[in-house]
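These notes concern the structure reproduced below.
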Amino acid sequence: MIARVVVDSPLPHLDRLFDYDVPAELIDEVALGCRVKVRFAGRLVDAFVLDLVEVSEHQGTLAPLAKVVSSERVLAPAVAELCRTVADRWAGTLSDVLRLAVPPRQARVEAHPPPATTTAADFPTVDHSVWLPWPGGPEFLSALAGGGTPRVCWSALPAHDPAEAVAQAVLATLASGRAAVVCVPDNRDLERWDAVFTRVLGEHRHVVLSAAQKPADRYRSFLSVARGTTAVVLGTRAAAYAPVANLGLVAMFDDGDDLFAEPRAPYAHAREVLLLRALQERTAVLLGGYARSVEAQALVEQDWCSDVSPEPVTRRRVWPTIEVSDGDAGAPARLPRAVFKAIRGCSGPVLVQVPRRGYRTSLACQACRTPARCAVCGGPLEQAGVGEGLRCRWCATEPDGWACAVCGGHEVRAPTVGHLRTAEEYAAAFSDRTVVTSGGSDVLDVVDPGLVMVLATPGAEPPVEGGYELVVLMDTWLMLVRDDVRVVEEAHRRWFNALALARETAPAVVVGEPGTVQALVRADPVGLAQRELAVRSETHLPPIGRLAAIDGPADVLDDWAKRTWTLNTEVLGPIDVDGGMRLVLRAPRREGAELARLLHAAQSERSAAKLPAVRVRIDPMSF
């Protein structure tokens with residue numbers, strides 16, 4: 001018997017299967033998808049068995065398998081195929097993707113027998129009423145329950161728990177005898193969704209799968225799925241590769257969150273991984289969120305997904321009523337009059353979103369407005385807290401007796417302040433309220449209702465039971481100053497997510513330019529996504545085109561810039577970016593697969609010549 005294995009090596013020129021002879025004493029132990037040890041390049045390395053055949057195409061003598069680490073089938077054939085597709089799509093190697101898909105082995109966990117399997121008849125009845133606010137929602141659940149594969153992009157609504165709606169979709173999928181994989185952005189979301197799934201599906205009928213789990217807990221969840229004893233996986237981006245058999249639904253909430261982008265090679269996005277899996281295994285798709293990502297909107301406009309959105313009258317009724325203030329300061333501190341009046345008239349919890357975290361994060365000379373810089377490294381100075389001195393954000397130097405390099409002044413002002421300083425000002429203005437902060441390393445999971453005011457940075461807003469009575473979005477222009485093509489989309493995603501924490505019909509005050517927040521005023525995330533997609537179409541940027549960002553030495557990039565890639569690939573650069581060099585390749589979407597293949601081949605050439613690899617990212621989140 002011959003075992004075809006993939007070895008644990010990141011070298012692109014070794015990104016293929018190798019044949020090994022299976023010794024007679026290991027025949028009963030080796031299995032498809034199991035872990036083995038093989039001798040490779042003179043040393044023992046880890047490997048997975050991807051195929052077992054009787055005859056090898058290799059002409060020479062085959063080396064024997066050195067050891068079967070475990071007979072546990074941890075790499076299902078469908079997942080192996082998915083990992084190969086992901087590696088090819090992002091110009092990576094199969095071993096890099098397998099490190100993301102299969103968690104490290106925990107021998108003690110493997111020794112425990114799997115729990116009893118729950119049959120479909122034991123699950124509760126699907127509650128179609130949860131989806132009534134969306135035209136086509138109940139029909140979506142019926143299609144899932146009937147074994148269909150509908151694909152939808154769904155616009156969630158405030159005061160309607162998205163976890164409840166997705167859990168009902170999972171329940172409908174289970175009723176058809178199929179399994180489901182659901183991904184959420186982070187572990188705070190995971191805890192809340194886990195509680196809802198437990199309530200809707202019942203105890204021990206799903207597993208949580210996240211890279212943040214303890215190794216034993218993660219491997220236990222993974223094995224429960226791999227052994228076929230659990231049919232529902234809820235997790236972060238790591239769950240996209242869960243070895244679920246008979247998959248019927250892949251779902252993701254808030255797919256525009258950059259936490260779904262893998263920071264390790266080959267830098268795949270979990271949304272795209274799930275979409276590839278849906279194509280491969282012919283499953284239903286549910287992409288949802290309070291905002292609409294440009295990528296999701298592209299699927300709708302290509303008729304690959306259906307749009308499940310509320311009627312305009314429903315949308316306007318449940319989203320907060322927006323009052324836009326231009327930031328004209330009122331009496332107390334940096335509180336605009338509209339904000340001060342709204343908070344004074346509020347008798348419940350208030351959420352204030354502040355774009356910058358910290359205390360006084362940006363300083364300038366009080367006299368001439370020149371930015372305050374460090375005399376050692378030239379970095380920006382900040383004040384980390386009340387009563388603290390100045391400090392460089394780059395090298396942490398604390399200057400003694402700072403003086404402006406232009407006018408010699410010694411006083412500083414803060415053009416922008418963080419959530420901690422803002423909280424001080426709000427606490428002074430509203431002494432009858434309890435003021436708490438959430439941001440940076442101190443993020444609150446939940447807030448008790450009452451006369452509480454939460455000052456939170458974007459993405460760190462904690463929910464409150466019953467929702468906030470008022471939401472304030474401060475200094476929205478600061479969210480739009482990043483030099484990035486996704487800045488408008490990302491800022492609105494953060495704003496919509498904050499507004500969604502309000503009670504139904506609750507008011508909101510947005511401090512910013514009226515012209516930049518019209519999507520909030522109209523409660524129209526889909527319209528914004530349509531406009532942003534049109535801009536991408538004009539510039540041939542993702543998701544309309546393919547973009548490859550390549551970071552490496554100048555001489556290598558100069559050589560790659562002269563190469564012939566695909567027929568219509570545009571070569572931009574190399575340019576100096578953050579002290580390094582970057583080459584950008586832009587190609588039509590139809591040529592994306594060929595561009596990725598050529599980039600992998602170029603990496604293989606360097607790898608075979610024992611030259612260091614360059615960093616290749618295809619369709620990065622930030623560009």
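Taking the condition touching a Leu at 6+ places or on another chain (Cβ under 9 Å) and of a type in the set (S, T, N, Q), does T457 pass? Judged against the criteria, T457 is not a match.
Of the helices (runs of 4 or more DSSP H) lying entirely inside segment 8-120, those carrying at least 1 residues that are open to solvent by 70 Å² or more (accessible area, probe 1.4 Å) and of a type in the set (D, E) are 77-89. Which one is modelled with the highest pLDDT, of the residues in segment 194-205 that are in a loop (DSSP other than H, G, I, E, B) and either polar (S, T, N, Q) or open to solvent by 30 Å² or more (accessible area, probe 1.4 Å) (or both)? The qualifying residue modelled with the highest pLDDT is R205.
Those strands (runs of 3 or more DSSP E) of segment 343-384 in which at least 2 residues are without any contact (Cβ under 8 Å) to a residue 60 or more places away in the chain and open to solvent by less than 60 Å² (accessible area, probe 1.4 Å), considering only elements entirely within it, cover 362-365, 381-383. So for segment 324-338 (the condition being modelled with pLDDT of 95 or more, under 24 Å from V447 (Cβ atoms), open to solvent by less than 30 Å² (accessible area, probe 1.4 Å) and in a loop (DSSP other than H, G, I, E, B)), does at least one residue qualify? No, segment 324-338 has no match at all.
Within the set R218, R237, the sole residue that is open to solvent by 20 Å² or more (accessible area, probe 1.4 Å) and under 22 Å from Y290 (Cβ atoms) turns out to be R237. Take segment 134-151 and flag every residue that is open to solvent by 30 Å² or more (accessible area, probe 1.4 Å) and more than 27 Å from the chain's Cα centre (by Cα). Answer for segment 134-151, where residues must be open to solvent by 30 Å² or more (accessible area, probe 1.4 Å) and more than 27 Å from the chain's Cα centre (by Cα): P135, G136, E139, S142, A143, A145, G146, G147. For segment 272-285, residues that are in a helix (DSSP H, G or I), open to solvent by less than 10 Å² (accessible area, probe 1.4 Å), of a type outside the set (G, A, S) and touching a strand residue (DSSP E or B) at 6+ places or on another chain (Cβ under 8 Å) total 2. Among the residues of segment 156-167, those identified as within 15 Å of L201 (Cβ to Cβ) and either open to solvent by 10 Å² or more (accessible area, probe 1.4 Å) or small (G, A, S) (or both) are D161, A163, E164, A165, A167.
Looking across segment 206-230, the residues that are basic (K, R) and either outside any helix (DSSP H, G or I) or closer than 21 Å to A167 by Cβ (or both) come down to K214, R227.
Only one entry of R393, R421 meets the criterion of being at pLDDT below 85 and closer than 30 Å to V521 by Cβ, and that entry is R421. Only one of the numbered conditions (1) at negative phi; (2) in a loop (DSSP other than H, G, I, E, B) is not met by R421, and that is (2).
When segment 450-504 is limited to residues that are among the acidic types (D, E) and over 19 Å from the mean Cα position of the chain (by Cα), the one that is surrounded by the fewest Cβ atoms within 10 Å (Cβ to Cβ) turns out to be D483.
In the set (1) open to solvent by 40 Å² or more (accessible area, probe 1.4 Å); (2) under 17 Å from V339 (Cα atoms), the condition left unmet by D445 is number (2).
Residues in segment 548-583 that are part of a loop (DSSP other than H, G, I, E, B), open to solvent by 30 Å² or more (accessible area, probe 1.4 Å) and at negative phi: 6 in all. The C-beta contact set for segment 429-443 (first residue in contact (Cβ under 8 Å) with a residue 60 or more places away in the chain, second residue open to solvent by less than 50 Å² (accessible area, probe 1.4 Å) and β-branched (V, I, T), distance under 6 angstrom, 6+ apart or interchain) comprises G439/T457.
Remark: pairs (first residue in segment 538-563, touching a residue at least 24 places away in the same chain (Cβ under 8 Å); second residue of a type in the set (S, T, Y) and open to solvent by 30 Å² or more (accessible area, probe 1.4 Å); Cβ separation under 8 Å; 6+ apart in sequence or on different chains) = I544/S537.
The values are calculated or read from the model by the stated rules, or taken from the named source; none is laboratory data. Note that the structure is predicted; figures quoted are calculated from it, not measured. Virtual Cβ from ideal backbone geometry, glycine too; neighbours counted across all protein chains shown. Quick note on the areas: whole protein, heavy atoms, side chains included, nothing else; ligands and nucleic acids left out. Shrake-Rupley method; radii C 1.70, N 1.55, O 1.52, S 1.80 Å.
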